[in-house]
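A.B. asks: Quick one: the structure is below, and I'll ask about it shortly.
The values are calculated or read from the model by the stated rules, or taken from the named source; none is laboratory data. Small disclaimer: the values here were computed from a predicted structure and weren't measured. All Cβ positions, glycine included, derive from the backbone under ideal geometry; neighbour counts span all protein chains shown. For accessibility, only protein heavy atoms count, side chains too; no ligands or nucleic acids. Shrake-Rupley method; radii C 1.70, N 1.55, O 1.52, S 1.80 Å.
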Amino acid sequence: MRLAMRWLYLVISSGSLLTAQTIRLHVDLTDAPRNIYHAHLQIPVHAGDQAFVFPKWIPGNHRPSGPIGALTGVRMEVGGQPVPWRRDDVDIYEFHVTLPAGVSTLDVSLDAITSQDSAGASGPAASSNLLDLNWNAVVLYPAGTRSDDVTFAPSVTLPAGWKSGTALEVARTSGDEVEFSPVSLTTLVDSPLIAGAHFRKVELLKQGEKPTHVMDLVAESEADLAMTPKDLAAYQKLVAETGALFGARHYRHYDFLLTLSDQVGGHGLEHHESNDSVAGERSLVDPELGMLYGALVPHEFVHSWNGKYRRPSGLATPNYQEPMVGDLLWVYEGLTEYLGDLLAERSGLWTDEQYREALAGTAAALDHRSGRTWRPLVDTARSVQTLRMMGPQWQSWRRSLDYYPEGELIWLEVDSILREQTHGQKSLNDFCRLFHGGESGPPKVAPYNLDDVVRALNDVAPYNWAKLLHERVDATSTHAPLGGIERGGWKLVYNDQPNLFTQVAEKQFKFADFSYSLGFGAAEDGKVDDVIVGSPAYQAGLGPGMQLVAVNGRKWTPEILHAAIKTAQGGNRPIELLVENAQFFKTISVAYYEGGKNPHLERVTGQPDILGDILKPLTP
Ligand SMILES: [Zn+2]
């Protein structure tokens, strides 16, 4: 909906009963290891021309990512007789049928191929041991209806012996068949299901405490499910910290759906009463990986308040065919990124040092985004449809989904200004309570626009917020907004010590980062991902897609190049890179003599440590 609908609450969980208009949906998941789900729908219909649609604009993806290309095996029948269907000439998400007199139910069979679509991310949704079902991939619904007004009675058949987790209410279980209570299409699409041969349910609150918070885990092996007491305590504290931060909860119960796998597509997708997150296979048992994925679950959890309950009006659409407007994604995602990282630290998933290393990495990356000179931040939000699935080539010049990390820097700046203006009496914590709190209860949506954000900030502390946000979001600039770090009593520095996060990410994702020295990143095998415009490597002629073959005459490895950078430091002999560019070889001389450069935060002595105050937990 693009109308300004400030504080118009849409109650979206209908709790409806099974009626004559209910669509029955059964999904046979027994072929999940082959990445194909078989669905059968029984749709109440009337005679004549009708149209059904496949969800196109997917919440949380913020773009037309409904996997229409993966929809296959579509057959329609009435009373066992095939009915021909025809896809719309223009809208490939719409199907037309003409139904005979006397008909009341249309049977639809369809398959979803899930090899390349894991909740809108790349990579498969299932492996030999586990699966992720996003219901939007297996439904059709009557064209022109609101998703709140369509009721589904869903059920699944799981692979033999697998267990499942979802925020949906289980009505009946019989062997591998699970039936759920009827829900609106909105709630169905908002309630994915994970299942696996290796499954564990962890209660995060004490018995009797409400609302319940449960973590449902699936993994590639039983050993990967071994959550440490420290992590358990941190996730319990995460629940307590969100209560203290927001002052209300907008769900009846909450399910953390966590998949531990390197085989399926990595993603985190937020919902009102659950989140569907995929972390590295060993991230519960390997502390380094635990750190790398430490902010994933806090981020997705924050979205229950910021994104699901409070939602930019351009993203609060009546159904999945209506286009979304992404202008305010720097609030939806940027503030969530800020709060998610803070909550990772406040709950103990990260140490203070780890938080600062993550922040330094973010600040450095954005300060080297050459594309910020032509593309304002808001344009990265408006362009989510194209930017989300682009490769890394020329990323720094094109910009990426910068509204996430740059949003984080902007909200840090806002928080530090609030604290400065009120001499530490008020902070962004007060904004969150005001903007995201209110009354606890079942899921609902309270849409907002930019004026509402500015008004709430002014209610916490008067300041020219409109001007500040306009400058940060709508204008181009040469440098990243580092004001929050500086007002916080810290500064961004570079030295040859590795950044903690980059070091672990290089190992996990098999790449080598030379962004802040030579000015490029490459896969471990030497394929260049991105070259920063204006950097020494760029000046020398290196480009994305080129293959590094040798460094100063010796076969390329990341270690050899690190050593060459060290040797060249303070001298005047350029580093010679032999590169292959589509079968042709060339030597590129990079005149760079400043040694290794990795980002860190350094304390500014004599200035108050406001960042330290920001990191303080709100609960004992
Ligand atoms: Zn997010």
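A.B. asks: Mind giving me the FRET efficiency for GLU177 and SER589? R0 is 45 Å, r the Cβ-Cβ distance, nearest 0.05 is fine.
C.D. replies: Details: r = 67 Å, r/R0 = 1.48.
Computed FRET efficiency for GLU177 and SER589: 0.10.
A.B. asks: Next up: With the crude spin-label approximation of a point 7 Å out along Cα→Cβ, what separation in nm comes out for ASP262 versus ARG87?
C.D. replies: Between ASP262 and ARG87, the simple spin-label model gives 3.7 nm.
A.B. asks: Still on this structure, I have one more. If you line up the long axis of helix 229-246 against the longest principal axis of the chain, both from Cα atoms, how many degrees apart are they, to the nearest 10?
C.D. replies: Its long axis makes an angle of about 80 degrees.
A.B. asks: Could you give the nm distance between label points at ASP286 and GLU203, where each point is 7 Å from its Cα heading toward the beta carbon?
C.D. replies: Going from the ASP286 label point to the GLU203 one covers 3.3 nm.
A.B. asks: For every other residue with a beta carbon closer than 15 angstrom to the beta carbon of PRO498, add +1 if it is Lys or Arg and -1 if Asp or Glu, then tell me the sum.
C.D. replies: Values: positive: ARG356, LYS507, LYS566, LYS597; negative: GLU288, GLU353, GLU357, ASP496, GLU506, ASP513, GLU559.
That works out to -3.
A.B. asks: Mind checking the dipole of the chain: about its Cα centre, +1 per Lys or Arg Cβ, -1 per Asp or Glu Cβ, Debye to the nearest 20?
C.D. replies: Values: 53 positive and 75 negative charges, 163 e Å.
The calculation lands at about 780 debye.
A.B. asks: Calculate the FRET efficiency for ASN581 and ARG603 from the Cβ-Cβ distance with a Förster distance of 51 Å, rounded to the nearest 0.05. Numbers along the way, then the final one.
C.D. replies: Numbers: r = 44 Å, r/R0 = 0.87.
With a Förster radius of 51 Å, E is 0.70.
A.B. asks: With +1 on the Cβ of every Lys and Arg and -1 on the Cβ of every Asp and Glu, and nothing else charged, how large is the dipole of the range 270-377 about its Cα centre, in debye rounded to the nearest 20?
C.D. replies: On the way: 9 positive and 17 negative charges, 90 e Å.
My answer is approximately 440 debye.
A.B. asks: Relative to the longest principal Cα axis of the chain, at what angle does helix 450-460 sit, 0 to 90 degrees, rounded to 10?
C.D. replies: 70 degrees
A.B. asks: Based on the Cβ-Cβ distance of SER128 and ILE68, what FRET efficiency does E = 1/(1 + (r/R0)^6) give at R0 = 30 Å, to the nearest 0.05? Numbers along the way, then the final one.
C.D. replies: Values: r = 27 Å, r/R0 = 0.89.
Taking R0 as 30 Å, the efficiency between SER128 and ILE68 is 0.65.
A.B. asks: Given the pairs LYS510/LYS555; LYS507/LYS616; LYS527/LYS555; LYS210/LYS616; LYS206/LYS426, which are separated by over 21 angstrom at their Cα positions? Kindly include the intermediate steps, with their values, before the conclusion.
C.D. replies: Values: LYS510/LYS555 18 Å; LYS507/LYS616 31 Å; LYS527/LYS555 13 Å; LYS210/LYS616 26 Å; LYS206/LYS426 32 Å.
Result: LYS507/LYS616; LYS210/LYS616; LYS206/LYS426 exceed 21 Å.
A.B. asks: What whole number of Å gives the distance from the Cα centroid of the range 23-96 to the Cα centroid of the range 349-399?
C.D. replies: First find each Cα centre; the distance between them is then 36 Å.
A.B. asks: Could you work out how far apart the two model spin labels at GLU559 and ALA505 are, taking each label as a point 7 Å from the Cα in the direction of the beta carbon, and quote it in nm?
C.D. replies: 2.4 nm
A.B. asks: Once each part is reduced to its C-alpha centroid, what is the distance from the range 273-314 to the range 460-487 in angstrom?
C.D. replies: Value for the Cα centre distance between the two parts: 26 Å.
A.B. asks: Next question. Can you work out the PRE-style zone for VAL170? Point 7 Å along Cα to Cβ, and I want the residues of the range 117-155 with backbone N under 15 Å.
C.D. replies: Only 155 pass the distance filter.
A.B. asks: Could you work out how far helix 465-474 tilts from the main Cα principal axis of the chain, as a 0 to 90 degree angle to the nearest 10?
C.D. replies: On a 0 to 90 degree scale, this one is about 90.
A.B. asks: Where a Cα-Cα gap under 19 Å defines reach, which aspartates and glutamates qualify for LYS467, not counting those fewer than 8 residues away within the same chain?
C.D. replies: Correct list for LYS467: ASP327, ASP379, GLU406, GLU408, GLU413, ASP415, GLU420, ASP451, ASP452, ASP459.
A.B. asks: If each DSSP helix of 4+ residues adds -39,500 (n - 2.57) and the sum is divided by the residues in the chain, what number results at 222 nm, nearest 500 deg cm²/dmol? Intermediate results must be reported in sequence, preceding the final value.
C.D. replies: Numbers: 19 runs with 166 residues, N = 620.
About -7500 deg cm²/dmol.
A.B. asks: Counting heavy atoms of the protein chains only and a 1.4 Å probe, report the per residue accessible area for the chain as a whole number of Å². Can you show the working numbers first?
C.D. replies: Working: 24910 Å² over 620 residues.
For the chain, the per-residue accessible area is 40 Å².
A.B. asks: Among TRP394, LEU518, GLY571, which residue has its Cα furthest toward the positive end of the charge dipole of the chain, with +1 on Lys/Arg Cβ and -1 on Asp/Glu Cβ?
C.D. replies: Farthest towards the positive pole: GLY571.
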